[in-house]
1. Specify the angular offset, from 0 to 90 degrees and rounded to the nearest 10, of the alpha carbon long axis of helix 48-58 from the longest principal axis of the alpha carbons in the chain.
2. I need the calculated FRET efficiency for the pair residue 62 and residue 87, taking r as the beta carbon distance and R₀ as 25 Å, to the nearest 0.05.
3. If we count other beta carbons within 10 Å of each Cβ, what is the order of 46, 63, fewest first?
4. Using only Cα atoms and rounding to the nearest 10 degrees, what angle (0 to 90) does helix 6-23 make with the longest principal axis of the chain?
5. Using label points projected 7 Å from each Cα along Cα→Cβ, tell me how many nm separate residue 10 and residue 22, to one decimal.
6. Neighbour counts of other C-beta atoms within 10 Å: give me 122, 49 arranged from fewest to most.
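Read-outs: derived from the displayed coordinates by stated rules, not from any lab. All values reported here derive from a predicted model rather than from experimental measurement. Please note: Cβ atoms are built from the backbone with ideal geometry, for glycine as well, and neighbour counts cover all protein chains shown.
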C-alpha cells in the first residue's frame, strides 16, 4: 500500500462494505498518513502488530526502532449514525491500522473490526 494510490482506497471501500454487511453500519473509511488527534479515543488494530503499535502510540510512548515501518496502512473511520456507538465515542473517529511482521508478512484479522467496535453491550 502507498498513500494516495488506488489500492489503499480500494481497501477502505472493502472495510466499509464489511461493516455494512456484518454490522449493518454505514461508515466512511479514509486513508491517513498519521494520527494527529489530541482527542484520540479509540483504535482498532486489524492484526497483532498494528494493535501493539497503535496501543504504544496511544499511550504516548516511543516506538522501538523500526516498528513505525511495519505499519503499512492507517485509516480514520467515521460511523454515519454515531448514535449506535457508546456515548463517549459519538462525534469521534475510530482509527484503524494494518501492519506487517518483521518478516514482511501481513496477518490480517478482519474479525477485530467487528469485535472491537465501540458499540453498547446490548448491540
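1. 80 degrees
2. Working from the Cβ atoms, E equals 0.20.
3. Working: 46 25, 63 14.
Ranked by crowding around the Cβ, least crowded first: 63, 46.
4. Computed tilt is about 40 degrees.
5. If labels sit at residue 10 and residue 22, their model points lie 2.1 nm apart.
6. 122, 49
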